[in-house]
Amino acid sequence: MSADSYNQARPSISQQARRRWVSRIVTALMGLSALLVMTPLFLVLYFLIREGASALDWHFFTQLPKPTGEVGGGMANAIVGTLVLLGMAAAIGVPIGVMGGVYLAEYGGERTNDVIRFTADVLNGIPSIVWGMVVYAMLVVPFKTFSAYAGGVALGLMMVPMVMRTTEEVMLLVPQSYREAGLALGIARWKIITVIVIRTAMRGIVTGVLIALARVAGETAPLLFTALGNNFWSHNLSEPISALPLQIFSYAISPYDDWHRQAWAGALVLMLLILVTNLVVRMLSRGRPQS
Amino acid sequence: MDPLGRPRSPASQAARGSRWADRNFYLLALLAALTILGLIALVGWELYRGCHLALAKFGPAFLANSSWDPVSDVYGALPFIFGTLVSSLIALIIAVPLGVATALFLTEMAPQAIRQPVITVIEMLAAVPSVIFGLWGIFVLIPWLRDHLFPWLHSTLGFLPFFSGPIYGVSMLAGGIIVAIMILPIITSVSREIIRSVPNLQREAAYALGSTHWEVIRIAVLSYAHRGIFGAAVLGLGRALGETMAVTMVIGNRPEISASLFAPGYTLASVIANEFTEATSDLYLSALFELGLVLLGITLIVNVIAQLMLRTFSGSSTGKT
Amino acid sequence: MPENSTLPIESGPAPAEAIKPQSPGQTADAPAFDVSNFSLWYGTRQALHDVTIQISKNRVTAIIGPSGCGKSTFLRALNRMHEVMPGTRMQGSLKLFGEDLYRPGLDAAEVRRRVGMVFQKSNPFPTMSIRENVLVGLKLNGIRDRALLQERLEGSLRMSALWDEVKDHLNRPGVSLSGGQQQRLCIARALAVEPDVLLMDEPCSALDPLATARIEELIQQLRLRYTVVIVTHNMQQAARCSDRTAFFYLGRLIEYADTRVLFTSPANPQTEAYVSGRFG
Ligand SMILES: Nc1ncnc2c1ncn2[C@@H]1O[C@H](COP(=O)(O)OP(=O)(O)OP(=O)(O)O)[C@@H](O)[C@H]1O
Ligand SMILES: [Mg+2]
């Protein structure tokens, strides 16, 4: 009995070989998974370029959409609209987000901070379409019109928790000794925070803002019932405004080939906008903040 | 004279002003931080306010009713809840194994030279907007699924109810696949963080027992990190539930409950996206708001669970590494 | 406050008098800090016990003692820096030139402008040039006068013996300097706001011997115009550059005397054990 179990406890040669084989197979499968995970990006980029590049011409950047059924036209208004919406989103999301980050990093007690951080993380997980509904109820219904304002607010509110968390993170990376040096000079706390701490963490804050902007730049759902879309130039921020993602969506689900072509072109432009932003972020964060 | 017996300098008057400024700056920061709490309250309140009509009319039966008929003003959430849960479940079944395996590959095996490029690619995948996945889904993924993958599944696994019935292309399964692609980056990156936080001591101990590479991963890494990886999956689920545009573009948008994954479906987010601006009656709009509230409720619960799991995990592990 | 309790602040004693080392036992020194029965707590943990000490004006006072004995804590209490940490509490009185620094209504920032501080690890602001680093205290305290700024820039850089080395590249980042130069830049930064007192917490512990020698030389110069309090782990340094030395142990002031006396014939056996290196 005891001799038996002793023999069982010692792995035989064939068992060891089996274990090695299992290990090799599993390892290979993991490598394969990594490949599979990357494939969609390459496929998407491949088709964006193949389908989109041919439809990209001068008109695409300078003309308005043509009426239903007519060939040609462009997305000039959507491109401008996206930039306008991003500008408004930043005007809301950056100050609130950065100041909130300042509170978390510089003032807040442990308990309060835990609650606020937790809530911010949960807010980050709220579906973007819900933001669209909320802003619809908040701004579209009372003012009785879809508007660029509403779209900007929807995107801006989404940015707040994102910017807040990254700002806090990078401000905490600024060594305490700089704050102390400032205090020892008799400088007011708010000046220490703005001139010394924020300036030192600036690169990280800008990075966080750019990431947040890149994320909301591609958002469609929160704009569907706020900015709504517009086939013409918007002359007024209280009118509906077009945006690239909205235009891509409505062209993609349309029955016209020419619009499909334009949808690809729009998607290519949007993707480039986002990739370039990510590239800038990458360059900014290469030189880590000094410590 | 100032407290130290010197003539009052302009600087000390500035100090008075700066104490006032200090106070205001603090209040401003506090206000911004409290905005976060205000936002969550705002979201809940606006949705609740938007759906009081439907709440009053249908009550809790709204959740269990499976007919959605704007013409006769009868609304029920069941098909959408079903569609949301099923498409998210499909996404998880695909994305969790792939994401965790990729995370293991990146932390435990990949040579340094490969690691960074793969991470970059996955980060870029995360940056692709939903609407672009939808576009690609309509014109590339759906035709391929319809002409190749689905027929093959139908002929090999057709005896299962999930893989029987007519093939349209747009379907619950297509929705699940596209969502899987979209939540892969977050599952991978969060799992990677967690696996990275496993102390090396654990691995070394397992190696010292003569274990193979895979056994080390199983014994030392996975048994240690499984809670956190579960948290990553729940976080992925939270994202999947709320995915809107890409799903809307490939799922078929039909409020039906069918066993077949080849059949079209509809999710909470998609029906809101599609019908919100077309809602003709107040009750219709109110019902859509109630769908939004349901969606918010589900995602909030899932997200809170995910955050709690990830938090306790990182809390117990950061001290050790 | 009664006028007669304040002491006029001189622009500095005549150089001839100041360079001459103080003769031991001399008692004519005017007190800058007058600390009595000062205690300090971090939460519930008491870090200073009933410290009573008078720190002379225009002298260099060294604070020595084993690690954790409360040297930094005491130094930081002198300009209320400890208040930055939540949960600290103090008791007793701490006066500078007769004025209670903890008087209610007195802004800590006001105190810190009078009592400058240099830290163990040099910490020039990384985003600022040499010039900006020196002038940041003035500018952020609301001084705009160009001529005054220029004068202070040169004055404090000269005072910290850095002018000749940096005058041609004042726009370079402060962090581009060597370790010793950075520490002198931090001294210049502290001097630019014209404090009455300069506190230094182990200013040389991160520097090589050559850079240390320069700072010590500089401390001798500073005595002409400032009251200097320096915390040091290095007893030779205390012996070399201070007039008076205070020995702290377990949060208590054990002995305080003229440096020469304290190092050659300490009154307390604990002090003797410490200065002769037979401690712990
Ligand atoms: N922020 C703090 N919270 C709680 N206790 C503290 C804090 N700072 C210091 N202490 C404690 O107070 C005591 C005195 O610390 P202090 O830093 O003044 O010592 P020190 O003499 O400067 O030591 P060193 O020579 O190592 O710099 C120590 O026991 C330390 O643990
Ligand atoms: Mg110390």
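The values are calculated or read from the model by the stated rules, or taken from the named source; none is laboratory data. Here the structure is a predicted model, which is why all the values come from computation and not from measurement. Backbone-built Cβ (ideal geometry, glycine too); neighbour counts: all protein chains shown. When the accessible area is computed, the model is the full protein with side chains, heavy atoms only, and any ligands, DNA or RNA have been set aside. Shrake-Rupley method; radii C 1.70, N 1.55, O 1.52, S 1.80 Å.
Quick notes on this one:
- Residue, farthest from the other protein chains (Cβ to nearest Cβ), within region B:274-301, restricted to residues that are in contact (Cβ under 8 Å) with a residue 12 or more places away in the chain, among the β-branched types (Val, Ile, Thr) and open to solvent by 20 Å² or more (accessible area, probe 1.4 Å): B:THR280
- A:TYR149 vs. criteria facing another protein chain (nearest Cβ under 8 Å), in contact with a helix residue (DSSP H, G or I) (Cβ under 8 Å, 6 or more places away or on another chain) and in a helix (DSSP H, G or I): no
- Cβ pairs under 7 Å, 6+ apart, first in region C:82-97 and of a type outside the set (Lys, Arg), second in a helix (DSSP H, G or I) and away from ligand 2 (no atom under 16 Å from the Cβ): C:GLU83/C:ALA108; C:VAL84/A:LEU183; C:LEU96/C:ARG114
- Entirely in region C:32-146, the strands (runs of 3 or more DSSP E) that have 2 or more residues that are more than 11 Å from chain A (Cβ to nearest Cβ) and within 16 Å of ligand 1 (Cβ to nearest atom): C:45-56, C:60-64, C:88-96
- Meets criteria (more than 10 Å from chain A (Cβ to nearest Cβ), out of contact with any helix residue (DSSP H, G or I) (no Cβ under 6 Å at 6 or more places or on another chain), at pLDDT 95 or above and within 24 Å of A:ILE126 (Cα to Cα)) for B:LEU85: yes
- Selected residue (only one of C:ASN141, C:ASN123 is within 16 Å of ligand 2 (Cβ to nearest atom), within 14 Å of A:ALA184 (Cβ to Cβ) and polar (S, T, N, Q)): C:ASN123
- Qualifying residue in region C:66-77 (condition: basic (Lys, Arg) and more than 16 Å from ligand 2 (Cβ to nearest atom)): no
- Pairing residues of region C:122-148 that are under 19 Å from A:PRO175 (Cα atoms) with residues that are buried (at least 22 other Cβ atoms within 10 Å of the Cβ) and of a type in the set (Gly, Ala, Ser), at Cβ distances under 6 Å and at least 6 apart in sequence or on separate chains, gives C:ASN123/A:ALA181; C:PRO124/C:GLY174; C:MET128/C:GLY174; C:ASN133/C:GLY174; C:GLY137/C:ALA192.
- Per-region count, region A:159-201, residues more than 14 Å from chain C (Cβ to nearest Cβ) and open to solvent by less than 10 Å² (accessible area, probe 1.4 Å): 7
- Checked against the criteria, A:VAL44 does not count as under 28 Å from the mean Cα position of the chain (by Cα), in the same structural domain as A:TYR256 (by TED's automatic domain parsing) and β-branched (Val, Ile, Thr).
- Which listed residue is over 21 Å from the mean Cα position of the chain (by Cα) and away from ligand 2 (no atom under 16 Å from the Cβ), from C:ARG103, C:ARG112, C:ARG80: C:ARG103
- Residue that is nearest to A:SER33 (Cα to Cα), among those in region B:134-162 that are within 7 Å of chain A (Cβ to nearest Cβ) and touching a residue at least 12 places away in the same chain (Cβ under 8 Å): B:GLY134
- Candidates are the residues of region A:83-113 that are β-branched (Val, Ile, Thr) and under 23 Å from the mean Cα position of the chain (by Cα); the one that is nearest to A:VAL153 (Cα to Cα) is A:ILE92.
- Members of region C:224-280 found to be hydroxyl-bearing (Ser, Thr, Tyr) and over 16 Å from C:CYS69 (Cβ atoms), listed by number: C:TYR226, C:THR227, C:SER242, C:THR259, C:THR264, C:SER265, C:SER276
- Meets criteria (away from ligand 2 (no atom under 16 Å from the Cβ), under 14 Å from C:ALA62 (Cα atoms) and among the charged types (D, E, K, R)) for C:GLU216: yes
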